[in-house]
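The values are calculated or read from the model by the stated rules, or taken from the named source; none is laboratory data. What you see is a predicted model, and the numbers here were worked out from it, not measured in a lab. No Cβ is skipped: glycine too gets one built from the backbone with ideal geometry, and neighbour counts run over all protein chains shown. For accessibility, only protein heavy atoms count, side chains too; no ligands or nucleic acids. Shrake-Rupley method; radii C 1.70, N 1.55, O 1.52, S 1.80 Å.
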Amino acid sequence: DKKIVIAIDGFSSGGKSTFARMLAARLGYIFIDTGAMYRAVTLYGIEHGAIRNGVPDRERLVGMLGEIAISFRFNPRRQASDIYVNGECVEEKIRGIEVSAAVSSVSSIPEVRRKLVALQQRMGKDKGVVMDGRDIGTVVFPDAELKLFMTADPKVRAVRRYEELRARGDDVSLEEIERNIRARDRADQEREVSPLRMAPDAVVLNNSDMTLAQQMEWIEPILEEKI
Ligand code: C5P
């Protein structure tokens, strides 16, 4: 088998990470959640006073970028990698609503993107990776051998996120989540730097009515052709 890069892009809470993790496990590839990287920078900004009430002070945040060392470490308990900032595991903290509310603004800052895209390209240079995000097939790895674009109905996505957050004990309403998802869809598509776009050579997967098992079945013939 040859090793390839699999780029998965799509909207928020579209089931990208779950599918990407499963796919990586199936192939023995490394899974890289690039959204977690934008979230980690956002968390750092919040904790160090560069983001207040969800609004980044751009200059301050950009000035801090050199202090933020991001890494991933495999967590056997979850069978997935946890993200670390300067040696601290922030996997839990980055999923909260406070980070979610500010991450779109942070990800629209060109200096932030430049730093994280460079890191992502280094992490994928030996191939054998499944990377999920918004600009993986268009900007990070435009030559990826396999590009998927995942979509699902916004209502379906809101319910998924709601159940996820409720399960960890967050007190959130479905309305609040749906509003956040729609706002992020819009922000991700409308921003000037690396907007969320489907690569012309991407394969579309709409998983609104598909289980994870059905999605894995769907991808199998595509993998056989590519690998
Ligand atoms: O995937 P997730 O929802 O965790 O991503 C959080 C945010 O990070 C997105 O809403 C988007 O603004 C940003 N992002 C991005 N480019 C990526 C991955 C995520 O701009 N490659």
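Quick notes
- Taking the criterion of being in contact with a Lys or Arg (Cβ under 6 Å, 6 or more places away or on another chain) and either within 13 Å of the ligand (Cβ to nearest atom) or not β-branched (Val, Ile, Thr) (or both), the residues of region 1-10 that qualify are Lys3, Ala7, Ile8, Asp9, Gly10.
- The listed residue being under 15 Å from the mean Cα position of the chain (by Cα) and among the β-branched types (Val, Ile, Thr), out of Ile70, Ile51, Ile97: Ile70
- Residues (more than 9 Å from the ligand (Cβ to nearest atom) and on the phi > 0 side of the Ramachandran plot) located in region 11-52: Gly15, Gly28, Gly49
- Ile177 meets all of the listed conditions (1) modelled with pLDDT under 95; (2) under 27 Å from Pro142 (Cβ atoms) but one, namely (2).
- Scope region 157-184; condition more than 13 Å from the ligand (Cβ to nearest atom), within 19 Å of Thr18 (Cα to Cα) and surrounded by fewer than 17 Cβ atoms within 10 Å (Cβ to Cβ); matching residues: Val159, Glu163, Arg166, Ala167, Arg168
- Residue within region 31-43 that is acidic (Asp, Glu), open to solvent by 50 Å² or more (accessible area, probe 1.4 Å) and modelled with pLDDT of 95 or more present: no
- Failed item, numbered, when Glu217 is tested on (1) acidic (Asp, Glu); (2) surrounded by 15 or more Cβ atoms within 10 Å (Cβ to Cβ); (3) more than 16 Å from the ligand (Cβ to nearest atom): (2)
- Positions within region 124-147 being touching a Ser or Thr at 6+ places or on another chain (Cβ under 9 Å) and either open to solvent by 60 Å² or more (accessible area, probe 1.4 Å) or within 12 Å of the ligand (Cβ to nearest atom) (or both), in sequence order: Met131, Asp132, Gly133, Arg134, Asp135, Ile136, Thr138, Val139, Val140
- Candidates Leu116, Leu223 - the one that is closer than 20 Å to Val41 by Cβ and either open to solvent by less than 10 Å² (accessible area, probe 1.4 Å) or within 16 Å of the ligand (Cβ to nearest atom) (or both): Leu116
- All of (1) open to solvent by less than 60 Å² (accessible area, probe 1.4 Å); (2) away from the ligand (no atom under 13 Å from the Cβ); (3) touching a residue at least 24 places away in the same chain (Cβ under 8 Å) hold for Asp82 with one exception: (3).
- Ala69 vs. criteria away from the ligand (no atom under 16 Å from the Cβ) and either touching a Phe, Trp or Tyr at 6+ places or on another chain (Cβ under 6 Å) or among the hydrophobic types (A, V, I, L, M, F, W, C) (or both): yes
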